[in-house]
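Enquirer: Handing you this structure, nothing more for now.
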Amino acid sequence: MRAETRIISKEGARPEKLYNQVTTTTVVLATSGSPSIEAVRKLSLADIAVAAGLADELRDRFREYVHLDPYCLPDPFGDKDDCTYFVVLDRENLNRVVAMFANKKDSLPQLPWSGILGERLAKVSISKQDALAIKHELMPKETNNFYPYRRNGRIAGYIMFAFQICGQR
């Protein structure tokens, strides 16, 4: 199977081919565990580009169920936060972090995650410490990395997308 990544400008200009390689796709079901910090550090620029594209698609599907605020708030890793954390990973490479969520524990009923994630993405619960470590690797900027999202007018959680990654490369 040939895999190609293309960038298409918003104006509809001719796509530019970034790479062309022969790959075999293996679907892996992720239910627990998170990528190691070392594995995240070893991601290539192409991996980050793929994760960013998947994050953009995830944001569009996520907006069908919640209101995503247009501005970022301070990171939700305070001493008194009451959140559960999870990452959304690419099933084709479980080291590609597509998004990170911090959901308030008292949030409204569960979202339809299978519809939001589709077949390509996996939701994996992680500890606050693991979430903070991954966040620092991908987004070393100290604060204002997470967009709040609302359900019925109340902030239900916070999300950071792969297209925000600035890294220390």
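Enquirer: Residue under question is residue 30, and the condition is that it be in a loop (DSSP other than H, G, I, E, B), surrounded by 12 or more Cβ atoms within 10 Å (Cβ to Cβ) and either touching a Gly at 6+ places or on another chain (Cβ under 7 Å) or at pLDDT below 95 (or both); does it hold? So that I can check it myself, show each step before the final result.
Expert: Working: in a loop (DSSP other than H, G, I, E, B): yes; surrounded by 12 or more Cβ atoms within 10 Å (Cβ to Cβ): yes; either touching a Gly at 6+ places or on another chain (Cβ under 7 Å) or at pLDDT below 95 (or both): yes.
Yes: the conditions hold for residue 30.
Enquirer: Same structure, new question: Answer yes if at least one residue in segment 138-146 is under 15 Å from the mean Cα position of the chain (by Cα), of a type in the set (S, T, N, Q), at pLDDT 90 or above and surrounded by 13 or more Cβ atoms within 10 Å (Cβ to Cβ), and no otherwise. Walk me through it before giving the result.
Expert: So the first thing to find is which residues in segment 138-146 are under 15 Å from the mean Cα position of the chain (by Cα), and the list is 138-139, 145-146.
Next, only the ones that are of a type in the set (S, T, N, Q) stay: 145.
Keeping just the survivors that are at pLDDT 90 or above gives none.
No, every residue in segment 138-146 fails to be under 15 Å from the mean Cα position of the chain (by Cα), of a type in the set (S, T, N, Q), at pLDDT 90 or above and surrounded by 13 or more Cβ atoms within 10 Å (Cβ to Cβ).
Enquirer: Within segment 119-169, can you find the residues that are closer than 16 Å to residue 72 by Cβ, in contact (Cβ under 8 Å) with a residue 60 or more places away in the chain and in a loop (DSSP other than H, G, I, E, B)?
Expert: Result: 142, 143, 144, 145, 165.
Enquirer: Then there's this: Out of the residues in segment 151-162 that are exposed (fewer than 14 other Cβ atoms within 10 Å of the Cβ) and not polar (S, T, N, Q), which is nearest to residue 84 (Cα to Cα)? Before the answer, list the steps.
Expert: Our first condition is that a residue be exposed (fewer than 14 other Cβ atoms within 10 Å of the Cβ); within segment 151-162, this holds for 152-154.
Narrowing the set further to residues that are not polar (S, T, N, Q) leaves 153-154.
Details: 153: 20, 154: 17 Å.
Across segment 151-162, the extreme among qualifying residues is 154.
Enquirer: Could you grab me the full set of residues in segment 56-99 that are crowded, with 16+ Cβ neighbours inside 10 Å, farther than 19 Å from residue 137 by Cα and of a type in the set (Phe, Trp, Tyr)?
Expert: Result: 62, single match.
Enquirer: Considering only segment 112-137, how many residues are surrounded by 18 or more Cβ atoms within 10 Å (Cβ to Cβ) and among the small types (Gly, Ala, Ser)?
Expert: Count: 2.
Enquirer: Across segment 106-118, which residue is modelled with the lowest pLDDT among those that are part of a loop (DSSP other than H, G, I, E, B) and under 23 Å from residue 52 (Cβ atoms)? Show your work before the answer.
Expert: Step one: filter segment 106-118 for residues part of a loop (DSSP other than H, G, I, E, B), giving 106-112, 118.
Next, only the ones that are under 23 Å from residue 52 (Cβ atoms) stay: 111, 118.
Numbers: 111: 87, 118: 93.
The qualifying residue modelled with the lowest pLDDT is 111.
The values are calculated or read from the model by the stated rules, or taken from the named source; none is laboratory data. Everything numeric in this text was worked out from a predicted model, so none of it was measured. All Cβ positions, glycine included, derive from the backbone under ideal geometry; neighbour counts span all protein chains shown.
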